[in-house]
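Presented below is the structure to which this report refers.
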Amino acid sequence: MWPIPRLTDNKLTVAANGDATFTVTIQLTEAGKKYLDDNFPNGSYVEGFTFLTAEDDEGVSLSVPFLGFYGDWGSLTVFDGDPGEQQNMLGTALADIDTAGSGYFVGVNNTSSAYNESKMAYGPQRGNRQLVARVSLLRNVYSVEETVTDEDGNLIYTTGDLGMVRKTYGVATQTGIQYTALLYTPGWAGRTMKDGVNDAGDWAESGKWYTYTIQATPVGSTESQTKEFKFYLDNTKPTVEDVQLYEEDGNVYLTGVASDDFYIQRIRVIDSTQENWYLAEAEAFDAITETGAKTRFTFDVTELASELAADGKNPGRIGLLLEDVAYNSNLTFVDLGPQSMTIESLNLKVGESKQANINIKPARLADAKLTWASQDESVAKVDANGVVTGVADGETMISATAMSGLTAYARVTVGKGTPVILTYGEAPELNDRMLADILDLETGIVVNLHIKSIDQFPPRWSTAGRPSVSHPSGIKLSTATGASPLW
């Protein structure tokens, strides 16, 4: 029988083809413990090698690795942080998704990206929605279960035990780091449990708080860990009221009051065909701290009508899309001003005044506030009510501009006007009233009447009520008081 090898004076002698068993105790120094305590509050691995070194050059040296953990293995957190905490991988959060898997993180404002756990809400009755937990695990776990309970602790949804799940880790690829083993659950559709079946009952009561709990037992421990999210069930749409336009310092503003039974999240501006979004500074209501609050919003819309028109959209009508933190939405259409305006052209005499005829659509905005202007006031002026007055012979353009910025133009002609030409052609037989006609004339208009005849039939003419007549071949009426027969 071979003698049993013993470790004496840090030396161990083993016979050829023999075995040896020995114990090595590794003790951290106080300085080492302090370093780990200061830098690794969750504990740390301690690892290295124990060496058996041959005494001569012909011997074979051996090494034995060791691995230990300094700290409480069971206390190490299983779950990665939520959006409001430090995140080591991808974070753990609740998500409101559709059946295709796209959606939003609950509690995160979709405009400002700010996270507020007091504003976590879910609106399942928007249709085909699911509330899921996107779980990033920092440790392998034996089991995971997720539940939803109401304010009284009643169970209304459970995933059951999902079994063993690997921790989340990243793999470097050509396109970047790809994270794997993220846990997504089937999701809660917002209905109560019936006979042990998820989402088989009635809609869960709106306007109440619920708790989403994730429970997992890490490998190497018998104690489970939990992470909870409290959220508000909200199926009520937000509202908007008292929407109006006003001018200030040359700019035009749209203002109104938005409210919700819980919290407003944002307002967005869209065209009337619901294709393009406008006003990048659309309001994100991060500062609201009171549920059910009414909040006034104000947008600068000075250039909005021009932008809409440039995109081929209706410049006088927009939609205000309100969303609350549960993504319930309410689309309200409002008028920026007229959708179209046309002004009829005008012919005036010097000193004459006429009301410009403007056609505004839709008709309900016929009384919209307009700003009138003349391109050349030395030819014609226009007052605040659209009354145009001729100043001197010539042409100019007048314009009417709505508060939204939509502008219509019309030509104004001031002067003698356009000649009226009456052509009768040749006639085989003439009588005293063959060429009779009526001209509607106004005071101040000069009419030149030219009569072409053959020599044997000189023209006979008469101007009833006309004080001035020229030679027979060209009759000039310098004044007129109304309709007169020429024959």
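Of the candidates Ala280, Ala284, Ala258, the single residue that is hydrophobic (A, V, I, L, M, F, W, C), more than 30 Å from Leu162 (Cβ to Cβ) and in contact with a Pro (Cβ under 8 Å, 6 or more places away or on another chain) is Ala258. Residue selection: Lys119 satisfies the criterion of being surrounded by 11 or more Cβ atoms within 10 Å (Cβ to Cβ), in the same structural domain as Lys227 (by TED's automatic domain parsing), among the charged types (D, E, K, R) and touching a residue at least 24 places away in the same chain (Cβ under 8 Å). Within the set Asn359, Asn385, the sole residue that is of a type outside the set (Ser, Thr, Tyr), exposed (fewer than 14 other Cβ atoms within 10 Å of the Cβ) and part of a strand (DSSP E or B) turns out to be Asn359. Take the conditions more than 16 Å from Ser136 (Cα to Cα) and touching a residue at least 12 places away in the same chain (Cβ under 8 Å) and apply them to Ala200. Does it pass? No. Hey, does segment 194-205 have a residue that's modelled with pLDDT of 95 or more and under 22 Å from Glu117 (Cβ atoms)? Checking segment 194-205: at least one residue is modelled with pLDDT of 95 or more and under 22 Å from Glu117 (Cβ atoms). Just checking, which of Lys381, Lys361, Lys313 is more than 32 Å from the chain's Cα centre (by Cα) and basic (Lys, Arg)? Step by step, each of Lys381, Lys361, Lys313 is checked, and only Lys381 is more than 32 Å from the chain's Cα centre (by Cα) and basic (Lys, Arg). Of all the listed residues (Gly68, Gly59, Gly81), the sole one being more than 30 Å from Ser143 (Cα to Cα), out of contact with any Leu (no Cβ under 6 Å at 6 or more places or on another chain), surrounded by 10 or more Cβ atoms within 10 Å (Cβ to Cβ) and among the small types (Gly, Ala, Ser) is Gly59. For segment 7-56, a tally of residues being among the aromatic types (Phe, Trp, Tyr) and modelled with pLDDT under 85 returns 1. Considering Asn42, Asn128, the condition of being loosely packed, with under 12 Cβ neighbours inside 10 Å, within 44 Å of the chain's Cα centre (by Cα) and not assigned by TED's automatic domain parsing to the domain that holds Thr168 is satisfied by Asn42 alone. For Gly220, the criteria (1) surrounded by 12 or more Cβ atoms within 10 Å (Cβ to Cβ); (2) assigned by TED's automatic domain parsing to the domain that holds Leu320 hold in every case but one, which is (2). Restricting attention to segment 201-229, and to residues there that are acidic (Asp, Glu) and part of a loop (DSSP other than H, G, I, E, B), which single residue is farthest from Arg191 (Cα to Cα)? Selected residue: Glu223. Within segment 54-76, take every residue that is outside any strand (DSSP E or B) and under 51 Å from the mean Cα position of the chain (by Cα) and give me the one that is farthest from Thr222 (Cα to Cα). The selected residue is Gly71.
The values are calculated or read from the model by the stated rules, or taken from the named source; none is laboratory data. Computed from a predicted structure; not experimentally measured. Here Cβ is always computed from backbone atoms with ideal geometry, including for glycine, and neighbour counts include all displayed protein chains.
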